[in-house]
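Undergrad: Sharing a structure, written as structure tokens. Questions coming.
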Amino acid sequence: MDSIPEYARQTLEERLETHARTAWAERCAGVTVRFRGRYAYVDVFDSDPWFMPGSTNDEKEQIRQTPVKMCRLGWTGDMESWDLAFHKYSDGRYQPSLDFSGSGRSAPETCFDCAAQVYLR
């Protein structure tokens, strides 16, 4: 599969930002999407991150400024059907995953919701 076309990149970013603002406003302070080849890497900023007791203000600010790696979306050539892979913090890799319906391919908003249920709850 080829790289994600520019129109699809822009559309994906807009859709995910809009979805995060409407469906996840209480937990998501922002979305960043990075692109490499046929993949879009979705990171978010948690509105209410957890801090260890005794964390300094500098440490808290660093945590607030560090995005949470959530998932990777794979381009299939269809804006409504993306391959979903969760980020694994245990080894830094992305694991192909299923959405709520058991499908490995979904709309970007559904992929976002699946990953957000894990990383923003």
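Undergrad: Could you list all residues from the stretch 82-103 that are more than 13 Å from the chain's Cα centre (by Cα) and surrounded by fewer than 16 Cβ atoms within 10 Å (Cβ to Cβ)?
TA: Residues satisfying the conditions are Tyr89, Ser90, Asp91, Gly92, Arg93, Gln95, Pro96, Leu98, Phe100, Ser101, Gly102, Ser103.
Undergrad: A further question on this structure: Determine, yes or no, whether Trp75 is under 18 Å from Ala23 (Cβ atoms), touching a residue at least 24 places away in the same chain (Cβ under 8 Å) and in a strand (DSSP E or B).
TA: On the way: under 18 Å from Ala23 (Cβ atoms): no; touching a residue at least 24 places away in the same chain (Cβ under 8 Å): yes; in a strand (DSSP E or B): yes.
For Trp75, the condition - under 18 Å from Ala23 (Cβ atoms), touching a residue at least 24 places away in the same chain (Cβ under 8 Å) and in a strand (DSSP E or B) - is not met.
Undergrad: Looking only at residues in the stretch 40-75 that are within 21 Å of Glu6 (Cα to Cα) and buried (at least 19 other Cβ atoms within 10 Å of the Cβ), which one is farthest from the chain's Cα centre (by Cα)?
TA: Step one: list which residues in the stretch 40-75 are within 21 Å of Glu6 (Cα to Cα), which gives 40-43, 71-75.
This time we only want the ones that are buried (at least 19 other Cβ atoms within 10 Å of the Cβ), so: 40, 42, 71-75.
Details: Ala40: 9, Val42: 3, Cys71: 5, Arg72: 7, Leu73: 8, Gly74: 12, Trp75: 14 Å.
Filtering first and then ranking leaves Trp75.
Undergrad: Moving to a separate point now. I'm checking my understanding of the structure. Among residues of the stretch 24-39 that are in contact (Cβ under 8 Å) with a residue 60 or more places away in the chain and assigned to a loop (DSSP other than H, G, I, E, B), which one is least open to solvent (accessible area, probe 1.4 Å)?
TA: Trp24
The values are calculated or read from the model by the stated rules, or taken from the named source; none is laboratory data. Just so you know, these numbers come straight off a predicted model, no measurement behind them. With ideal geometry, Cβ positions are generated from the backbone for all residues, glycine too; neighbour counts draw on all protein chains shown. Heavy atoms of the whole protein, side chains included, go into the accessibility calculation; ligands, DNA and RNA do not. Shrake-Rupley method; radii C 1.70, N 1.55, O 1.52, S 1.80 Å.
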